[in-house]
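**Student:** Below is a structure I'd like to ask you about.
Here, each number is a calculation from the coordinates, and none is a lab measurement. Small disclaimer: the values here were computed from a predicted structure and weren't measured. Because the Cβ atoms are built from the backbone with ideal geometry, glycine has one as well, and the counts that use them run over all protein chains shown.
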Ligand code: CU
Ligand code: ZN
């Protein structure tokens with residue numbers, strides 16, 4: 001009698017366990033933990049930065065440049081309007097200050113490694129030397145390249161500095177400016193929240 005009762009009890013336990021397993025198997029798998037928001041996961045300085053460029057006095061050049069840290073360097077994607085057709089010097093300048101009407105408040109080319117002015121693909125150059133942008137007949141120019149010298153963190157960080165678009169082409173030779181003429185647009189580089 002006791003054995004029978006125990007057997008029945010065991011059967012009951014097994015049935016409950018079995019039901020439990022069956023029920024669990026029918027439920028959808030638990031959701032994967034959500035990744036932390038990018039703003040929390042990003043290292044100091046962030047992994048994306050944006051500069052909104054406004055025209056200096058007498059200029060119509062404006063646009064936006066986005067900087068994204070990748071494994072190969074910083075991807076630079078930009079779009080500008082209101083330019084004269086042709087090439088225009090495109091640099092990171094050392095101070096994130098676009099307050100002067102002519103953009104002079106942004107200072108000189110960002111040059112933390114004390115190198116000569118040069119083209120973007122030169123081995124030795126200012127970190128801020130990003131070459132030229134080429135405007136089409138409609139006055140529009142785009143940038144889309146990856147640069148290995150600029151960074152969004154560390155000593156070569158461009159956060160808090162300024163993007164400048166110039167009146168003329170950078171000749172990659174004249175020191176220390178590339179003889180690119182006046183500053184037509186300026187924008188402070190800010191880490192994206
Ligand atoms: Cu410049
Ligand atoms: Zn330079």
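**Student:** Under a plain spin-label model, where a point goes 7 Å from the Cα along Cα-to-Cβ, how far apart in nm are residue 57 and residue 105?
**Tutor:** Roughly 1.2 nm, to one decimal.
**Student:** Still on this structure, please answer the following. Over the Cα atoms of segment 44-191, what radius of gyration and what Dmax do you get, in Å?
**Tutor:** 13.6, 41
**Student:** Normalising by the residue count of segment 44-191, find the relative contact order in percent from Cα pairs under 8 Å and 6+ residues apart.
**Tutor:** 33
**Student:** What ranking do 182-192, 73-83, 157-167 get when scored by the average of other Cβ atoms within 10 Å per residue, highest first?
**Tutor:** Ranking the peptides 182-192, 73-83, 157-167 by packing returns 157-167, 182-192, 73-83.
**Student:** Can you list, bin by bin at 10 Å, the percent of alpha carbon pairs in segment 40-111, starting at 0?
**Tutor:** With 10 Å bins starting at 0, P(r) equals 16, 45, 31, 8, 0.
**Student:** For a footprinting-style exposure proxy, rank 193, 52 by other Cβ within 10 Å, fewest first. Present the calculation step by step, with values, prior to reporting the outcome.
**Tutor:** Details: 193 9, 52 16.
Lowest count first: 193, 52.
**Student:** Continuing with the same structure: Once you put a point 7 Å from the Cα of residue 124 and another 7 Å from the Cα of residue 190, both along the Cβ direction, what distance in nm separates them?
**Tutor:** According to this spin-label approximation, the distance is 3.8 nm.
**Student:** Highest first, please rank the peptides 88-99, 59-70 by the mean number of other Cβ atoms sitting within 10 Å of their residues. Write down the numbers at each step before the final one.
**Tutor:** Working: 88-99: 22.6, 59-70: 18.7.
Ranked from most to least packed, the peptides come out as 88-99, 59-70.
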